[in-house]
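Here is the structure we will look at.
The values are calculated or read from the model by the stated rules, or taken from the named source; none is laboratory data. Computed from a predicted model, the values in this text were never measured in an experiment. For neighbour counting, all protein chains shown are included, and Cβ atoms are generated from backbone atoms with ideal geometry for every residue, glycine included.
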Amino acid sequence: MFMKPMLMTRYEKPFDDENYIFEPIIDGHRLQLSFMSSKTKLYTRHFNEVTQQYPELHNVPLREPADVVLDGEVAYVNPHTGAIEFDTLQKRFRLKKEPSIRDAKRINPVKFFVFDILYYNGVDLRETPLLERKRLLDAILEDNLYYKKMLFVEREGMALFDLVKRSDLEGVACKRKDSTYAEGRGDNWLKVKNDEYGVLPMTEMRNEVSNAEQKCC
């Protein structure tokens, strides 16, 4: 099962607002996970299946058996430095041969930062307010070596943005607590970029992966 993704609209500066939650933006690529009848499928935001690329994500750490669709960002985090390395993720994304993918799983495992749940045991959750979806996600999904529920804070967007800049992250996502999940871009999900992040070579690599997502599989 694939659900067309909700996207963020660019916003110029960070802000505080009690009607919003705020999340760090992870420099990876968008990933949707469908787990139905104990079978995992992974998709890019362009509905290209990439299940074989990330075998470490096939075992979903649910607290109880369930059918779910999860939305998030897949990234590579260097275990020694804690840095998010987009170039390493790019290499993982490009692998096609099973032996190479199997070796990469061991040497450079990815992490799935999950920020939303769209479907749970037969119920389409896209009309459910975001904060309620977040609470359900927290209740049913455990963190482990490969899965991490996305950190978020309420109201304090400017403080999180300062932390993001000090941590050399890409930016902050600003989402209305009561927002439903709607395909495409709108005003309910905003992104504030850290202008000190992302030199030109990294931007070019992100564009390459975006083009590859649209063409692959």
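Side notes on the structure shown:
- Residue within segment 33-51 that is of a type outside the set (S, T, N, Q), in contact (Cβ under 8 Å) with a residue 12 or more places away in the chain and touching a Cys at 6+ places or on another chain (Cβ under 8 Å) present: yes
- For the residues Leu42, Leu31, Leu7, the requirement of being surrounded by fewer than 16 Cβ atoms within 10 Å (Cβ to Cβ), of a type outside the set (S, T, N, Q) and in a strand (DSSP E or B) singles out Leu7.
- Apart from one condition, Ala83 fits all of (1) outside the structural domain of Glu170 (by TED's automatic domain parsing); (2) within 30 Å of Asp195 (Cα to Cα); (3) modelled with pLDDT of 95 or more; the exception is (3).
- The residue list Asn121, Asn144, Asn78 contains one member that is surrounded by fewer than 18 Cβ atoms within 10 Å (Cβ to Cβ) and on the phi > 0 side of the Ramachandran plot, which is Asn121.
- Listed by position, the helices (runs of 4 or more DSSP H) inside segment 130-217 whose residues that are at pLDDT 95 or above and within 17 Å of the chain's Cα centre (by Cα) number at least 2 are 130-140.
- Count of residues meeting criterion [under 16 Å from Met1 (Cβ atoms) and assigned to a loop (DSSP other than H, G, I, E, B)] in segment 59-79: 3
- Breaking point among (1) at pLDDT below 95; (2) loosely packed, with under 14 Cβ neighbours inside 10 Å; (3) touching a Phe, Trp or Tyr at 6+ places or on another chain (Cβ under 9 Å), for Asn59: (1)
- Residue count for segment 93-109 satisfying the condition of being free of Cβ contacts under 8 Å to residues at least 60 places away in the same chain and either buried (at least 20 other Cβ atoms within 10 Å of the Cβ) or not assigned by TED's automatic domain parsing to the domain that holds Glu132 (or both): 1.
- Inspection of segment 90-102 identifies no residue that is assigned to a loop (DSSP other than H, G, I, E, B) and closer than 14 Å to Asn144 by Cβ.
- Conditions (1) surrounded by 20 or more Cβ atoms within 10 Å (Cβ to Cβ); (2) under 16 Å from the mean Cα position of the chain (by Cα); number of the one not met by Glu85: (1)
- Any chance Glu49 is within 21 Å of Ala139 (Cβ to Cβ), in the same structural domain as Pro99 (by TED's automatic domain parsing) and of a type in the set (Asp, Glu): no
- Test for Thr9: is it at pLDDT 95 or above and of a type in the set (Ser, Thr, Tyr): yes
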